[in-house]
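Below is one structure, written out as structure tokens, with a few remarks after it.
The values are calculated or read from the model by the stated rules, or taken from the named source; none is laboratory data. Since this is a predicted model, take the numbers as computed values, not measurements. Counting neighbours? That spans all protein chains shown, and the Cβs are built from the backbone with ideal geometry, glycine included. The accessibility values were calculated without ligands, DNA or RNA, using every heavy atom of the protein model including side chains. Shrake-Rupley method; radii C 1.70, N 1.55, O 1.52, S 1.80 Å.
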Amino acid sequence: MFAKGEEFCPLEDDRDLLIEKMMASDGVVFASPNYSFNVSATMKMFLDRLGFVFHRPRFFGKTFTSVVSQGIYGGDKIVEYLDFVGGGLGFNTVKGCCITAFDPMTEKEKQGIDRVLAEQSKRFYECLMKPAYPAPTLLKLWGFRTARTTIKLMLDHGNRDYTYYGDKGWFQSDYYYPTRLGVLKNAAGSLFDVMATRSLRRRQS
Ligand SMILES: Cc1cc2nc3c(=O)[nH]c(=O)nc-3n(C[C@H](O)[C@H](O)[C@H](O)COP(=O)(O)O)c2cc1C
């Protein structure tokens, strides 16, 4: 699935329908309970089915956030994980939140949860209203340049990552989508390309 292409995956489920729905959305929220200090098995299965998208990201210009519910402890790390996942899929990520809801809840605790969710909704809305294609951070730029240089030098037309990057024009572009990098980020981008090329050549020799 990673190398040949996702359409060769023999599993039959609603993966493509869910991807279609996300592609048709301006924003998405991934929500999961904290089960044994991780996302639920259902959420993990969904993320695994999206595994190829981490190689071939596509949800650019869309807003992402996460919500984790839990009984006691451990959810903050899961929120961090889900937000990282959102970035990897291509989304503009708004920091998620973790809701602790241990029954029975007092009125004050319920109000606290409502407040956290209201703040979260506000941040999500603000991101939706911002330019959809922001200039990347240096870290994101580094990630793009390193990935595309690696794919260009290590793979060929027989690999779907290579043809996907080629079809998107990513071997020539500044970033995943058109953006103004400015002088410093332009220079940093060129440096990242050179660093990745050198590191790969060194490993090959
Ligand atoms: C199998 C299982 C494992 C759980 N593990 C944790 C945990 O590690 N930490 C925690 O704070 N809550 C844990 N909980 C509590 C749930 O996160 C909490 O009850 C959640 O809100 C349940 O959502 P649900 O009703 O959709 O299952 C666990 C619950 C279940 C059923």
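Of the residues making up the stretch 42-61, at least one is open to solvent by 60 Å² or more (accessible area, probe 1.4 Å) and among the hydroxyl-bearing types (Ser, Thr, Tyr). Of the residues making up the stretch 76-109, those that are under 9 Å from the mean Cα position of the chain (by Cα) and not in a helix (DSSP H, G or I) are Gly90, Phe91, Asn92, Thr93. As a summary of the residue check, Tyr73 satisfies the conditions (1) within 16 Å of the ligand (Cβ to nearest atom); (2) surrounded by 15 or more Cβ atoms within 10 Å (Cβ to Cβ); (3) not in a helix (DSSP H, G or I) except for the one numbered (2).
Kindly provide the set of residues from the stretch 1-40 that are in contact (Cβ under 8 Å) with a residue 60 or more places away in the chain, surrounded by fewer than 13 Cβ atoms within 10 Å (Cβ to Cβ) and within 30 Å of Ala101 (Cα to Cα), ordered by number. Of everything in the stretch 1-40, just one residue is in contact (Cβ under 8 Å) with a residue 60 or more places away in the chain, surrounded by fewer than 13 Cβ atoms within 10 Å (Cβ to Cβ) and within 30 Å of Ala101 (Cα to Cα), namely Asp26.
No other residue among Met105, Met129 is open to solvent by 30 Å² or more (accessible area, probe 1.4 Å), away from the ligand (no atom under 16 Å from the Cβ) and either aliphatic (A, V, I, L, M) or modelled with pLDDT under 95 (or both) apart from Met129. Among the residues making up the stretch 120-135, those that are touching a strand residue (DSSP E or B) at 6+ places or on another chain (Cβ under 8 Å) and either hydrophobic (A, V, I, L, M, F, W, C) or part of a helix (DSSP H, G or I) (or both) are Gln120, Arg123, Phe124, Cys127, Leu128, Ala132.
Within the stretch 83-90, is even one residue in contact with a Lys or Arg (Cβ under 7 Å, 6 or more places away or on another chain) and more than 14 Å from the ligand (Cβ to nearest atom)? Yes, that holds for at least one residue.
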